[in-house]
Amino acid sequence: MAAAATPGIAALVKAGVPHEIVKFDHDPRESSFGVEAVHALGRAGVVPEQIYKTLIIAVPDGLAVAMVPAASKLSLKAAAAALGVARSEMAEPVAAQRATGYVVGAVSPFGQRKRLPAVIDAGALAFDLVYCSAGRRGWDVAVAPQDLIRLTGAVTADIRA
């Protein structure tokens, strides 16, 4: 068997999770990676609310993962409350990369170097499939939200701003 292209894909394969990899042309000049995914996957008929971005946030005792629709903004206050901490802020990109093994714009919730506490917006449960980064810019993976929650250990909460 060939090696998986990213640690995130390898984690899905190892766990036996059904998934579909969706690739699109990434513009290296683009810095709004979530919006780029929304536009690319939207052309394929995927609704924006199904496309999730994986954000790394700093909490008092370390880092955590917050997953929200890519076209939405994260409520740091709501994410902190869902994770049972007093506050949160966006993590520094270097810290996020060190903890996850992924560059900003390609952070997958799967196959991260360290398992971090995680929260996903409850809106994900309205869909049969959600799309999130596969661990490379221009690569997303479609998975059932229940599998995403199970593999990441995420709690669900309304965390959109």
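Where a number appears in this text, it was derived from the coordinates with a stated rule and is not lab data. All values derive from a computational prediction rather than experimental measurement. Don't worry about glycine lacking a Cβ; one is built from the backbone with ideal geometry, like all the others, and counts go over all protein chains shown.
Please find the FRET efficiency linking Lys77 to Lys114, where r is the Cβ-Cβ separation and R0 is fixed at 22 Å, and quote it to the nearest 0.05.
That gives a FRET efficiency of 0.35.
Using alpha-carbon pairs under 8 Å, 6+ residues apart, how would you state the relative contact order of segment 1-152 in percent?
Once divided by the residue count of segment 1-152, the mean separation gives 30 percent.
Out of residues 5 or more away from Val155 or on other chains, whose amide H comes under 5 Å of its own, with H placed 1.01 Å from N in the peptide plane?
Distant-sequence amide H within range of Val155: Ala118, Val119, Ile120.
Determine the equivalent ellipsoid of segment 35-161 by diagonalising the alpha-carbon gyration tensor, then write out the semi-axes as square roots of 5 times the eigenvalues, largest first, rounded to whole Å.
For segment 35-161, the semi-axes come out at 21, 16, 13 Å.
If the cut-off is 15 Å between C-alpha atoms, which aspartates and glutamates fall inside it for Lys77, apart from same-chain ones fewer than 8 positions away?
In chain and number order, the partners are Glu89, Asp121, Asp158.
222 nm [θ] for the chain, helices only, -39500 (n - 2.57) per DSSP H run of 4+, per residue, to 500?
After summing the helix terms and dividing by the residues of the chain, the value is -7500 deg cm²/dmol.
Mind listing the long-range amide H neighbours of Val22? Cut-off is under 5 Å, sequence gap 5 or more, other chains count too, H placed in the peptide plane at 1.01 Å from N.
Asp140, Val141, Ala142
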